[in-house]
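Heads up: the structure comes next, in structure tokens.
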Amino acid sequence: MKYFSLNDRNHISNFENAVVRGLAPDKGLYFPKKIEKLPASFFAEIHQFGKNEIAYNAIKPYVAEEIPDYDLEKIISNTLDFEFPVVNIEENISSLELYHGPTLAFKDVGARFMAGSLGHFIKKGNLGNITVLVATSGDTGGAVATGFLGVEGIDVVILYPKGKVSQIQERQLTTLGKNITALEVAGVFDDCQRMVKQAFLDSEITKIRKLTSANSINVARWLPQMFYYFLAYQQLREQDKKLVFSVPSGNFGNICAGMMAREMGLPVDRFVAANNANDTVTKFMETENYEPKPSVPTISNAMDVGDPSNFIRILNLFKNEYTEIKKVLSAYSFDDEATKRVMKEVYAENGYVLDPHGAVGYLGLQKFLKEHEGYHGTFLETAHPVKFLDSVEEAIGTRIKLPASIKNLMHKEKISLQINNYEDLKGYLMD
Ligand SMILES: *Cc1c(COP(=O)(O)O)cnc(C)c1O
């Protein structure tokens with residue numbers, strides 16, 4: 001499969017270069033030249049397939065020319081070695097739990113698939129060593145660190161804001177060792193992000209180190225998120241109602257992957273983009289005007305994005321036709337008060353614990369179902385509630401149990417390097 005840059009359709013790349021570069025040289029996002037339709041028989045017989053086979057069929061058109069079957073199957077089975085249950089919460093509402101992976105975040109899937117792909121290209125080729133440099137406000141860092149742990153030829157350097165990530169998130173970043181280095185930055189997330197961007201543009205660094213990023217703009221992190229929707233469909237196929245997915249959205253990579261799956265033939269009728277107070281897309285769906293703005297902090301902080309980087313991919317999927325997008329996508333925005341209220345309600349009525357991101361997804365679905373008849377809805381639970389312990393316990397008024405993996409993690413020793421400014425980062429990378 002070839003990929004083109006969304007800034008310049010004449011810039012064409014193969015999968016390998018798209019993965020290694022992240023962004024095209026003109027700073028455009030990569031997009032596959034063709035979206036393959038899967039045969040109707042695949043969906044009719046989906047109950048016969050295992051997880052890995054389903055994922056293999058979904059991703060094959062986009063990578064298979066460049067990763068041989070045997071290796072691709074191995075990458076997929078490493079990526080998906082945990083469960084993706086659809087849990088019924090109440091009439092017409094299910095939760096797709098994406099948090100059973102190693103760092104309890106849905107980003108585990110994309111991070112592992114990207115690590116497997118990049119590791120494959122390094123092993124077979126002459127790329128040399130690569131440094132994955134990322135800034136994290138929380139969940140990305142842990143998933144990337146764990147996904148890339150021990151992958152030969154790759155060093156991972158993660159910048160996180162000191163005192164601004166949760167304790168669990170910090171442990172997930174700082175206790176791994178090996179090829180993972182955590183840099184604890186005296187500053188906020190935006191400072192981390194700024195330093196990372198500066199390093200990518202610093203030729204003194206890039207002369208001696210090959211840098212790449214690992215965020216959702218990378219096709220190897222973005223595309224495998226399709227798997228969730230195929231795996232959910234396998235569990236939902238006997239519903240006699242139309243299907244809708246509600247996706248708590250920040251950078252819109254996850255929901256865009258779901259819409260790709262629909263274009264490939266997955267029998268899903270609609271999608272709901274569930275937003276917190278960062279409502280750029282909600283506003284766009286109301287007014288057709290896309291006006292990015294600075295992000296505002298909320299309790300569902302992995303979605304605090306004012307200018308979602310993947311939204312341009314959704315526009316492209318629908319050839320920039322607003323009326324076409326409207327037929328498939330609805331968007332709603334909710335504030336923290338509504339989020340906390342619904343966490344409390346759903347726990348009281350159904351005994352189900354939502355994390356703040358899943359709660360926004362639930363709210364979006366609830367609103368959609370009020371306005372549309374004949375649907376069964378599924379919202380995506382993108383993080384385990386323990387990762388947002390303080391706001392969850394406060395909302396539901398009880399303590400929640402820590403999974404064993406988290407208890408063990410809290411006993412491990414934290415190792416990080418403190419950095420105060422860009423010169424410190426540069427010094428580390430040049431060393
Ligand atoms: C990253 C993240 C999101 C947002 O996903 P996007 O693909 O950026 O829209 C939602 N919930 C959680 C818990 C996340 O970590």
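Taking Cβ atoms as reference points and 11 Å as the exclusive limit, the residues near residue 161 contribute a net charge of -2, counting Lys and Arg as +1 and Asp and Glu as -1. Among the GluC sites (Glu not before Pro) in the stretch 322-379, those located in a DSSP loop and surrounded by at most 11 other Cβ atoms within 10 Å of their own Cβ are 373.
Holding the Cα-Cα limit at 32 Å, pick out from 210/327; 34/327; 241/293; 51/197; 162/207 the pairs that are longer than that. Beyond 32 Å: 210/327; 241/293; 51/197.
A crude spin-label estimate for the pair residue 371 and residue 178, with each label 7 Å from Cα along the Cβ direction, gives 4.6 nm.
Working value for the stretch 57-96: equivalent-ellipsoid semi-axes of 32, 12, 5 Å, each the square root of 5 times a Cα gyration tensor eigenvalue, largest first. Annotation for the stretch 378-431: trypsin sites (Lys or Arg not before Pro) lying in DSSP loop with at most 16 further Cβ atoms inside 10 Å of their Cβ are 399, 401, 412, 414. Panel note: the C-alpha atoms of the stretch 75-164, placed on their principal axes, show extents of 54, 36, 16 Å (largest first). For the stretch 204-267, the convex hull drawn through the C-alpha positions has a volume of 94 cubic angstrom per residue. Projecting label points 7 angstrom from Cα along Cα→Cβ for residue 424 and residue 45 puts them 5.8 nm apart. The convex hull defined by the C-alpha atoms of the stretch 286-369 has an orientation-averaged projected area of 6.3 nm². At q = 0.10 Å⁻¹ the log10 of I(q)/I(0) for the stretch 1-142 amounts to -0.43, computed by Debye summation with a single uniform scatterer per C-alpha, solvent ignored.
When the convex hull of the Cα atoms of the chain is projected onto a plane and the area is averaged over all directions, what value comes out in nm²?
19.7
If you plug the beta carbon distance of residue 129 and residue 410 into 1/(1 + (r/R0)^6) with R0 = 35 Å, you get a FRET efficiency near 0.60. If Rh is defined by the Kirkwood formula over all Cα pairs and Rg also comes from Cα, what ratio Rg/Rh do you get for the stretch 361-418? Rg divided by Rh gives 1.19. Charge tally for residue 140 (other residues, Cβ to Cβ under 12 Å; Lys, Arg +1; Asp, Glu -1): 0. Pairs exceeding 23 Å between alpha-carbon atoms, taken from 283/344; 340/370; 37/242; 124/426: 283/344; 124/426. Note that the stretch 322-400, at 25 °C in a medium of 0.890 mPa s, gets a Stokes-Einstein diffusion coefficient of 183 µm²/s from its Kirkwood radius over C-alpha pairs. Based on the convex hull around the alpha carbon atoms, the stretch 280-431 presents an average projected area of 13.8 nm². Other residues within the sphere of radius under 11 Å centred on the Cβ of residue 275, judged by their own Cβ, net out at -2 (K and R +1, D and E -1).
Shape index of the stretch 46-123: Rg/Rh, with Rg the Cα radius of gyration and Rh the Kirkwood radius from the inverse mean 1/r over Cα pairs, equals 1.04. Working from label points 7 Å from Cα in the Cα-to-Cβ sense, the residue 167 to residue 287 distance is 4.3 nm.
Counting every Cα pair in the stretch 132-179, what percent are over 15 Å apart? That fraction is 34 percent.
Values in this text are rule-based calculations from the coordinates and carry no lab data. All of these numbers come straight from a predicted model, not from anything done at the bench. Using ideal geometry, Cβ is built from the backbone for each residue, glycine included, and neighbour counts are taken over all protein chains shown.
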